[in-house]
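Asks: Dumping the structure here so I can ask a few things about it.
The values are calculated or read from the model by the stated rules, or taken from the named source; none is laboratory data. Computed from a predicted model, the values in this text were never measured in an experiment. In this analysis, Cβ positions are derived from the backbone assuming ideal geometry, glycine residues included, and neighbour counts consider all displayed protein chains.
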Number of protein chains: 2
Amino acid sequence: MSRVRLVITSPLPDELVARIRATDARLDVVHEPDLLAPARHACDHPPPKVDDPAARERWNALLDEAEVLFDFGPLELAPSLAERPQLRWIQATSAGVGKLAERVGLTKSSVAVTTASGVHARPLAEFVLLAMLMFGKDGLRLGREQREHHWELYCGEETGGKTVCVVGLGKIGREVARLARALDARVVGTVRELRDRTPKDLGVERLEPTDQLDELLPDADVLVLAVPHTALTHRILDARRLALLKPGAILVNIARGDVVDEAALVEALRSGRLRGAALDVFEQEPLSPESPLWDLPNVFVSPHSASNVAAENGRIVDLFQENIRRYLEGRPLLNLLDKEQLY
Amino acid sequence: MSRVRLVITSPLPDELVARIRATDARLDVVHEPDLLAPARHACDHPPPKVDDPAARERWNALLDEAEVLFDFGPLELAPSLAERPQLRWIQATSAGVGKLAERVGLTKSSVAVTTASGVHARPLAEFVLLAMLMFGKDGLRLGREQREHHWELYCGEETGGKTVCVVGLGKIGREVARLARALDARVVGTVRELRDRTPKDLGVERLEPTDQLDELLPDADVLVLAVPHTALTHRILDARRLALLKPGAILVNIARGDVVDEAALVEALRSGRLRGAALDVFEQEPLSPESPLWDLPNVFVSPHSASNVAAENGRIVDLFQENIRRYLEGRPLLNLLDKEQLY
């Protein structure tokens, strides 16, 4: 087998680059930190620099030579990704890349895309627990009272016995279910297709296909959106379904902003129909400074960082190394993106 | 056996009063809602009204006739509780009543005091989890950025793998340990006396007597105070021990304010030696509007309500009913206060 040119297109610490390089002697790993935008935080994957002509030219040359990419690379040059002569495989650094792959033409190409599905399950599940516990203790109101130096006794709620409905029991949704069960919540949820799977297989008390979600909404104390963004899930939580939810329910969105009708959500939060929402994703990101969501007293805004933890790059590289071995041996890759279902 | 006069001295919903009354036909249950201060929230136990002479007189008469009290009753009349002719037993509505019982002379009397130990373990453990997850996601900073409509990606931390040190593995501390383990934390802790108990017995990886706490501090990512307030635990977390803690540790106090040297704590929070603190209890309550704790950016102030949940009165009454049956049959009461150890 000839050498395999592998280009790393988003920042990684040197020791992780060294680990990738050590995976197999046939690898020819290109890591040019000068071409990468600096990471804004410990586990960031910003797009590479292409703002000067020399960098742009170098990226074009690298993309023409690359057989494997770690991360999508310069998205400004991405519309031609599908036509790069050597490119066979892109390992993404997040789970929800289906719509992006579609936008840059990869779903109609023969280039394999593998996701980082699973890597972010744990920190996202922790965000859900945080939201449940915070609303249970009325934490947003406590924050306001703290700023006013106001002391007032109150009575909170326990998570034990609450019904948590997880829309999308993929790797992330199942980790949410596992941790919610550990806190003695009752967990129900949906998958796109049951395919003979029982509720027990997915760790829930009740399981429905996602298109039967309506049946689960009236009992949900906490609704967790963990679906991929696809044509089927676009604005799956709309005004009609918000009205079906148990009054006073909590929404947690760790999926994508486009799976919610954000205007309808704002209305449900203003009216008190929803007790609150913890949102890590939004229709438009960064969230516009004009969005009413910032100032609603029952909304916790998280800047699409709930999945980020210091340990994640190590886990992505673990997955990538396993996939490199599979690639070199011609075995099926893990986390291969389904180009029709987009996840 | 003659009739037993039982006086309910803090607000309870009618159905719970009915449940108490139904426990045994020999009970003569006095519940005079007009004499009780209204509950300020769903599960409040405010002291009774004694502000007009008639109410005071009625309370004195009730206390003289009572054999059993549900809650301590009017504390203004409490210094003479120990000398009430018929009084044999007081069922308290919280766990940490040792110092109060001492103050009103009950520890030197023959009156039995039973605590509500165990009833509040779950909601207090949830407060600890909330604190761990909130600091893990840098939630206080996110709240500030939300108020400024500021979007900035960041990298958080997971609770999995963190070391949680629980000072005081009583019922509350053990529930904290159980839930922290469910989130894959490493849990260590202390008890006053080991008495042949192994770490496994108490659900921790490492167990020390509380007077050896110093040995656990350098490894603690999260320090949870769950000890009763006694002479031995008074200001157990002082400047010296704060300096022994792992730099950047989180403190969670669900015990009593007096188990911490609050001035030293403020210093450790200002210097950044502690990353943050979630405090449900304070040296002085209500917390003075002048306290620097309100405005520290790394402090979450909870108004001594972390143990309050709507379900708690039902659980206290469950315990009380069991104790009434034991009392009438002359069997040992559950949760009997040790008048030397004060818990």
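Asks: Can you tell me which residue within the range A:212-230, out of those that are in contact (Cβ under 8 Å) with a residue 60 or more places away in the chain and within 17 Å of the chain's Cα centre (by Cα), is nearest to A:THR163 (Cα to Cα)?
Replies: A:VAL224
Asks: Something else about it: When A:VAL113 is evaluated against the numbered criteria (1) part of a helix (DSSP H, G or I); (2) away from every other protein chain (no Cβ under 11 Å), which criterion, by number, is the only one it fails?
Replies: (1)
Asks: If you take the residues of the range A:286-295 that are part of a loop (DSSP other than H, G, I, E, B) and surrounded by fewer than 14 Cβ atoms within 10 Å (Cβ to Cβ), which of them is nearest to the other protein chains (Cβ to nearest Cβ)?
Replies: Our first condition is that a residue be part of a loop (DSSP other than H, G, I, E, B); within the range A:286-295, this holds for A:286-291.
Next cut, surrounded by fewer than 14 Cβ atoms within 10 Å (Cβ to Cβ) only: A:289-290.
On the way: A:PRO289: 4, A:GLU290: 8 Å.
Out of the qualifying residues, it is A:PRO289.
Asks: If you don't mind, another one. So which residues in the range A:315-337 are without any contact (Cβ under 8 Å) to a residue 24 or more places away in the chain and out of contact with any Pro (no Cβ under 7 Å at 6 or more places or on another chain)?
Replies: Listed by number, the residues that qualify are A:ASP318, A:GLU322, A:GLU329, A:GLY330, A:ARG331, A:PRO332.
Asks: Now, a different point. Within the range A:159-178, which residues are within 8 Å of another protein chain (Cβ to nearest Cβ) and crowded, with 21+ Cβ neighbours inside 10 Å? Quick ask: steps written out before the conclusion?
Replies: Of the range A:159-178, the ones within 8 Å of another protein chain (Cβ to nearest Cβ) are A:159-160.
Hit for the range A:159-178 is A:THR159, nothing else.
Asks: Taking only pairs six or more apart or across chains, which ones have beta-carbon atoms under 9 Å, a first residue in the range B:285-299 that is under 15 Å from B:ALA264 (Cα atoms) and of a type in the set (A, V, I, L, M, F, W, C), and a second residue that is modelled with pLDDT of 95 or more and assigned to a loop (DSSP other than H, G, I, E, B)?
Replies: If the second residue must be modelled with pLDDT of 95 or more and assigned to a loop (DSSP other than H, G, I, E, B), the pairs left are B:LEU293/B:PHE282; B:LEU293/B:LEU287.
Asks: Does the range B:88-116 hold any residues that are closer than 18 Å to B:LEU62 by Cα and of a type in the set (Lys, Arg), and which are they?
Replies: Passing the criteria: only B:ARG88.
Asks: For the range B:134-156, state whether one or more residues are of a type in the set (Asp, Glu), more than 26 Å from B:ASP221 (Cα to Cα) and out of contact with any Leu (no Cβ under 7 Å at 6 or more places or on another chain). Walk me through it before giving the result.
Replies: Of the residues in the range B:134-156, the ones of a type in the set (Asp, Glu) are B:138, B:145, B:148, B:152.
Still in the running and more than 26 Å from B:ASP221 (Cα to Cα): B:148.
When the remaining residues are screened for being out of contact with any Leu (no Cβ under 7 Å at 6 or more places or on another chain), the result is B:148.
Within the range B:134-156, one or more residues are of a type in the set (Asp, Glu), more than 26 Å from B:ASP221 (Cα to Cα) and out of contact with any Leu (no Cβ under 7 Å at 6 or more places or on another chain).
Asks: Name every residue in the range B:305-323 that is within 15 Å of the chain's Cα centre (by Cα) and not in a helix (DSSP H, G or I), in order of residue number.
Replies: Once the filter is applied, which keeps residues that are within 15 Å of the chain's Cα centre (by Cα) and not in a helix (DSSP H, G or I), the range B:305-323 yields B:SER305, B:ALA306, B:SER307, B:ASN308, B:VAL309.
Asks: Report whether or not B:GLU102 is assigned to a helix (DSSP H, G or I), within 14 Å of chain A (Cβ to nearest Cβ) and among the acidic types (Asp, Glu).
Replies: Considered against the rule, which asks whether it is assigned to a helix (DSSP H, G or I), within 14 Å of chain A (Cβ to nearest Cβ) and among the acidic types (Asp, Glu), B:GLU102 comes out as no.
Asks: I'm checking my understanding of the structure. Among residues of the range B:18-52 that are under 22 Å from B:PRO85 (Cβ atoms) and outside any loop (DSSP other than H, G, I, E, B), which one is nearest to the other protein chains (Cβ to nearest Cβ)?
Replies: Residue satisfying both the conditions and the ranking: B:LEU35.
Asks: Moving to a separate point now. As an exercise: evaluate B:ARG275 against (1) within 14 Å of chain A (Cβ to nearest Cβ); (2) surrounded by 17 or more Cβ atoms within 10 Å (Cβ to Cβ); (3) among the charged types (D, E, K, R) and give the number of the one condition it does not meet.
Replies: Of (1) within 14 Å of chain A (Cβ to nearest Cβ); (2) surrounded by 17 or more Cβ atoms within 10 Å (Cβ to Cβ); (3) among the charged types (D, E, K, R), only one is false for B:ARG275: (1).
Asks: For residues in the range A:199-227 being modelled with pLDDT of 95 or more and in a loop (DSSP other than H, G, I, E, B), which is surrounded by the fewest Cβ atoms within 10 Å (Cβ to Cβ)?
Replies: Selected residue: A:GLU205.
Asks: Determine whether the range A:112-122 contains at least one residue that is in contact (Cβ under 8 Å) with a residue 40 or more places away in the chain, within 16 Å of A:LEU225 (Cβ to Cβ) and touching a Ser or Thr at 6+ places or on another chain (Cβ under 8 Å).
Replies: There is at least one residue in the range A:112-122 that is in contact (Cβ under 8 Å) with a residue 40 or more places away in the chain, within 16 Å of A:LEU225 (Cβ to Cβ) and touching a Ser or Thr at 6+ places or on another chain (Cβ under 8 Å).
Asks: Among the residues of the range B:133-158, write down those that are part of a helix (DSSP H, G or I), among the hydrophobic types (A, V, I, L, M, F, W, C) and at the interface with chain A (Cβ under 9 Å from one of its Cβ atoms).
Replies: Result: B:LEU133, B:MET134, B:LEU140, B:LEU142.
Asks: I'd like the full set of residues that are closer than 22 Å to B:ALA121 by Cα and of a type in the set (Ser, Thr, Tyr), limited to the range B:310-343.
Replies: Selection gives B:TYR343 alone.
Asks: Could you tell me whether any residue of the range B:259-270 is under 26 Å from A:GLU148 (Cα atoms) and either in a loop (DSSP other than H, G, I, E, B) or not assigned by TED's automatic domain parsing to the domain that holds B:VAL166 (or both)?
Replies: yes
Asks: Which ones in the range B:296-343 are over 26 Å from B:VAL252 (Cβ atoms) and either hydroxyl-bearing (Ser, Thr, Tyr) or surrounded by 20 or more Cβ atoms within 10 Å (Cβ to Cβ) (or both)? Spell out the reasoning first.
Replies: Here is the first cut: in the range B:296-343, the residues over 26 Å from B:VAL252 (Cβ atoms) are B:314, B:317-318, B:320-334, B:336, B:339-340.
Correct list: B:VAL317, B:PHE320, B:ASN323, B:ILE324, B:TYR327.
Asks: For the range A:296-326, enumerate the residues that are hydrophobic (A, V, I, L, M, F, W, C), away from every other protein chain (no Cβ under 11 Å) and touching a Lys or Arg at 6+ places or on another chain (Cβ under 8 Å).
Replies: Scanning the range A:296-326 gives a single hit, A:VAL317.
Asks: Tell me, yes or no, whether the range B:98-109 has at least one residue that is surrounded by 24 or more Cβ atoms within 10 Å (Cβ to Cβ) and more than 21 Å from A:SER307 (Cβ to Cβ).
Replies: Looking through the range B:98-109, at least one residue is surrounded by 24 or more Cβ atoms within 10 Å (Cβ to Cβ) and more than 21 Å from A:SER307 (Cβ to Cβ).
Asks: Any chance the range B:110-128 includes a residue that's more than 27 Å from B:SER307 (Cβ to Cβ) and at pLDDT below 95?
Replies: Yes, because at least one residue in the range B:110-128 is more than 27 Å from B:SER307 (Cβ to Cβ) and at pLDDT below 95.
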